[in-house]
Amino acid sequence: MIQITPQMRIVVAVEPVDFRKGIDGLVRLCRETFEHDPFSGCVFVFRNRKATALKVLLYDGQGFWLCHKRFSNGRFGWWPSRGAEKGARTLAAHQLQVLFSGGNPDAARGAPLWRPVGPAR
(Lines give C-alpha, C1' and ligand atoms only; values in the text may rest on other atoms or scores of the structure.)
Protein backbone atom coordinates (compact mmCIF):
# COMPACT_ATOMS: atom_id res chain seq x y z
CA MET A 1 0.00 0.00 0.00
CA ILE A 2 1.24 3.49 -0.82
CA GLN A 3 1.02 6.13 1.85
CA ILE A 4 1.73 9.74 0.90
CA THR A 5 3.15 11.61 3.90
CA PRO A 6 3.74 15.36 4.31
CA GLN A 7 7.50 14.72 4.36
CA MET A 8 7.56 13.22 0.86
CA ARG A 9 8.68 15.30 -2.09
CA ILE A 10 6.11 15.27 -4.87
CA VAL A 11 7.24 16.11 -8.41
CA VAL A 12 4.62 16.77 -11.09
CA ALA A 13 5.60 16.64 -14.77
CA VAL A 14 4.54 19.75 -16.67
CA GLU A 15 4.42 18.20 -20.14
CA PRO A 16 2.13 15.26 -20.96
CA VAL A 17 3.75 11.83 -21.18
CA ASP A 18 3.21 8.94 -23.58
CA PHE A 19 1.22 6.51 -21.42
CA ARG A 20 2.65 3.53 -23.26
CA LYS A 21 5.73 4.08 -21.08
CA GLY A 22 6.09 1.71 -18.18
CA ILE A 23 8.28 1.87 -15.10
CA ASP A 24 11.60 1.85 -16.98
CA GLY A 25 10.54 4.58 -19.40
CA LEU A 26 9.28 6.83 -16.60
CA VAL A 27 12.43 6.22 -14.52
CA ARG A 28 14.51 7.36 -17.49
CA LEU A 29 12.34 10.47 -17.82
CA CYS A 30 12.86 11.27 -14.12
CA ARG A 31 16.63 11.03 -14.50
CA GLU A 32 17.09 12.77 -17.82
CA THR A 33 14.34 15.40 -17.93
CA PHE A 34 13.77 16.25 -14.27
CA GLU A 35 17.31 15.48 -13.11
CA HIS A 36 15.93 13.67 -10.04
CA ASP A 37 16.98 10.33 -8.64
CA PRO A 38 13.98 8.01 -9.03
CA PHE A 39 15.31 5.90 -6.12
CA SER A 40 15.15 8.86 -3.71
CA GLY A 41 11.60 8.19 -2.55
CA CYS A 42 10.08 11.13 -4.45
CA VAL A 43 6.58 10.71 -5.80
CA PHE A 44 6.51 11.43 -9.54
CA VAL A 45 3.18 12.33 -11.16
CA PHE A 46 2.53 12.28 -14.92
CA ARG A 47 -0.56 12.94 -17.04
CA ASN A 48 -1.59 11.85 -20.50
CA ARG A 49 -2.08 14.19 -23.46
CA LYS A 50 -5.88 14.27 -23.15
CA ALA A 51 -5.65 15.15 -19.42
CA THR A 52 -7.95 12.27 -18.52
CA ALA A 53 -5.46 10.07 -16.65
CA LEU A 54 -2.54 10.15 -14.21
CA LYS A 55 0.38 7.84 -13.55
CA VAL A 56 2.22 7.93 -10.23
CA LEU A 57 5.70 6.44 -9.88
CA LEU A 58 7.23 5.81 -6.46
CA TYR A 59 10.19 3.79 -5.16
CA ASP A 60 9.55 2.38 -1.66
CA GLY A 61 12.99 0.92 -0.92
CA GLN A 62 12.18 -2.53 -2.31
CA GLY A 63 10.80 -1.73 -5.74
CA PHE A 64 8.74 0.64 -7.82
CA TRP A 65 5.02 1.28 -7.55
CA LEU A 66 3.26 2.43 -10.71
CA CYS A 67 -0.32 3.57 -10.19
CA HIS A 68 -2.73 4.65 -12.90
CA LYS A 69 -5.92 6.66 -12.42
CA ARG A 70 -8.28 7.40 -15.29
CA PHE A 71 -11.38 9.56 -14.99
CA SER A 72 -14.53 7.90 -16.24
CA ASN A 73 -15.92 11.36 -17.08
CA GLY A 74 -14.19 14.69 -17.42
CA ARG A 75 -10.60 15.90 -17.38
CA PHE A 76 -8.11 17.48 -15.06
CA GLY A 77 -8.96 21.17 -15.03
CA TRP A 78 -5.64 22.21 -13.50
CA TRP A 79 -2.10 21.36 -14.43
CA PRO A 80 1.17 23.24 -13.75
CA SER A 81 2.25 25.83 -16.30
CA ARG A 82 5.08 25.29 -18.73
CA GLY A 83 7.24 27.82 -16.89
CA ALA A 84 8.22 25.32 -14.20
CA GLU A 85 11.88 24.55 -13.52
CA LYS A 86 13.30 21.54 -15.43
CA GLY A 87 9.89 20.51 -16.71
CA ALA A 88 8.47 19.75 -13.28
CA ARG A 89 6.80 21.38 -10.30
CA THR A 90 6.69 20.27 -6.68
CA LEU A 91 3.49 19.93 -4.66
CA ALA A 92 2.70 19.34 -1.00
CA ALA A 93 1.00 16.12 0.07
CA HIS A 94 -2.38 17.80 0.67
CA GLN A 95 -2.16 19.40 -2.80
CA LEU A 96 -1.59 15.97 -4.37
CA GLN A 97 -4.79 14.70 -2.75
CA VAL A 98 -6.67 17.63 -4.29
CA LEU A 99 -5.12 16.89 -7.69
CA PHE A 100 -6.15 13.21 -7.42
CA SER A 101 -9.76 14.31 -7.04
CA GLY A 102 -9.56 16.60 -10.08
CA GLY A 103 -9.31 19.85 -8.15
CA ASN A 104 -6.96 22.83 -8.25
CA PRO A 105 -4.04 22.32 -5.82
CA ASP A 106 -3.14 26.02 -5.95
CA ALA A 107 -6.52 26.89 -4.43
CA ALA A 108 -6.25 24.24 -1.70
CA ARG A 109 -5.63 25.51 1.76
CA GLY A 110 -3.81 23.09 3.96
CA ALA A 111 -2.41 23.04 7.42
CA PRO A 112 0.62 25.23 8.00
CA LEU A 113 3.96 23.46 7.74
CA TRP A 114 4.53 24.05 11.45
CA ARG A 115 2.23 25.00 14.27
CA PRO A 116 2.63 24.84 18.06
CA VAL A 117 1.11 21.82 19.78
CA GLY A 118 0.26 23.52 23.05
CA PRO A 119 -0.96 26.98 23.98
CA ALA A 120 1.39 29.89 23.40
CA ARG A 121 3.25 31.09 26.50
- Quotient of Cα Rg and 2.2 N^0.38 Å for segment 2-58, N being how many residues it contains: 1.07
- Could I have the simple spin-label model distance between Ala107 and Asp18, label points 7 Å from Cα toward Cβ, reported in nm to one decimal? 3.5
- Item | Pair Ser40, Gln62: separation of 7 Å Cα→Cβ label points (nm) | 2.5
- Note on the structure: For Arg70 and Ala93, extending 7 Å from Cα along the Cα-Cβ vector and measuring point to point gives, in nm, a value of 3.0
- Task: Keeping every protein chain in place, order Ile4, Ile10 by accessible area at 1.4 Å, biggest value first, i.e. largest first.
- Result: Ile4, Ile10
- Of segment 35-51, those with amide N under 13 Å from the point 7 Å along the Cα→Cβ vector of Thr5 are 41-42
- Message: Cross-link candidates for Lys69: which aspartates and glutamates have Cα within less than 18 Å, leaving aside residues fewer than 8 places away along the same chain?
- Response: Glu15, Asp18
- Message: Highest mean first, how do 31-40, 90-99 rank when packing is the count of other Cβ atoms within 10 Å averaged over residues?
- Response: 90-99, 31-40
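Using a 1.4 angstrom probe on the protein heavy atoms only, line up Arg47, Arg28, Arg89 by accessible area, largest first. Please list the in-between numbers first.
Numbers: Arg47 35, Arg28 145, Arg89 70 Å².
Reading off the accessible areas and sorting them downward yields Arg28, Arg89, Arg47.
The values are calculated or read from the model by the stated rules, or taken from the named source; none is laboratory data. Worth saying up front: this structure is predicted, and the values here are computed from it rather than measured. FYI the Cβ positions are ideal-geometry reconstructions off the backbone, even for glycines, and counts take in every protein chain you see. Ligands, DNA and RNA are excluded from the accessible area calculation, which covers all protein heavy atoms including side chains. Shrake-Rupley method; radii C 1.70, N 1.55, O 1.52, S 1.80 Å.
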